[in-house]
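Take a look at the structure set out below.
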Amino acid sequence: MSAPDPAKLSLNTATIREKWGLAQAIEGCARHGIRGIAPWRDQLAAMGVKEAVRAIKANGLTVTGLCRGGFFTAKHWKDDNRRAIEEAHELGARCLVLVVGGLIPGSKDLPGSRELVKEGIAAILPEARKAGVPLAIEPLHPMQAAERACINTLEQALDVCDALGEGVGVAVDVYHVWWDPKLAEQIARAGKDRVLAYHICDWLVPTRDLLNDRGMMGDGVVDLPKIRAMVERAGYAGFHEAEIFSKLDWWQRDPDEVLSICKDRHARMT
Ligand code: ZN
């Protein structure tokens, strides 16, 4: 298999969020020759949307996704998702990533929560279409079904896409889907038009924290070249977004070191 194009590396700013704000992350990407960036909305708000748009354009970066909308089982989801769509539009983001939300608070009704998520996405889809912002449902690993996302496989996410039609697709994050026996089949089913983002990192053994112990590419057990081949075979030609939540390791390091290592591992291990 051929090596990945270095120009396709994108930085999800969660990877260095403990030490850098968005302005520093934008400068860091420019300095390291990383061509894509995926900001989080809290940091976007801290920098200001206008200033962020200016700096991202000035440095010629592509916004590979805005993190995040969703949480359709929580209160006030509608206004929050409307704002997220507007921000994604301002940034010219390739997609708005949806972390859809877990169980309805106080309930044990998983199917009901999934139905509510589907209705929530349907409710914001017209505005997203009008704004030209594709919505990317990100299935999360089932260990996060209760608290963060009750859509846990690409198959479930694509069933929602099938039901809702144009303007909604998936974010394929290797951390969440690497274990799925239907991975190849469902990535092929998603196809070129519905794989909206591809997120990379690695699964560490052992995993010490369910949320914040992701590994650097090459340090874990995920067959990254194989999954890249699946998304490329489906027709995806977009960025490879490094997204590493790592309280115990990478968040403690100098972000310039983290970005250098991301570039090297992307080139050699993915
Ligand atoms: Zn992700």
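The values are calculated or read from the model by the stated rules, or taken from the named source; none is laboratory data. The structure presented is a predicted model; accordingly, all values stated were derived computationally and were not measured. All Cβ positions, glycine included, derive from the backbone under ideal geometry; neighbour counts span all protein chains shown. Heavy atoms of the whole protein, side chains included, go into the accessibility calculation; ligands, DNA and RNA do not. Shrake-Rupley method; radii C 1.70, N 1.55, O 1.52, S 1.80 Å.
Structural remarks
- The chain: antiparallel DSSP beta bridges as a percent of all, rounded to 5: 5
- Using C-alpha pairs below 8 Å separated by at least 6 residues, the relative contact order for the chain is 20 percent.
- Phi angles across segment 215-226 convert, under the Karplus curve 6.51 cos²θ - 1.76 cosθ + 1.60 with θ = phi - 60°, into 3J(HN,Hα) values of x, 5, 3, x, 8, x, 10, 7, 7, 5, x, 5 Hz, Gly and Pro given as x.
- Convex hull volume of segment 132-190 per residue (C-alpha atoms, cubic angstrom): 83
- Separation of the ARG208 and GLN24 label points, Cα + 7 Å toward Cβ, nm: 2.3
- Remark: segment 171-270 carries 41 Å² of accessible area per residue (probe radius 1.4 Å; ligands, DNA and RNA excluded).
- Projecting the Cα atoms of GLY112, ALA157, GLY132 onto the dipole axis of segment 109-164, where Lys and Arg carry +1 and Asp and Glu carry -1 at the beta carbon, places GLY132 farthest toward the positive end.
- Percent of C-alpha pairs per 5 Å bin, segment 147-270, short to long: 2, 11, 20, 22, 19, 13, 8, 3, 1
- Label reach from ASP42 (point 7 Å along Cα→C-beta): in segment 145-159, amide nitrogens under 19 Å belong to 147-149.
- Approximate shape of segment 6-269 as ellipsoid semi-axes (Cα gyration tensor, √5λ), whole Å, largest first: 26, 22, 18
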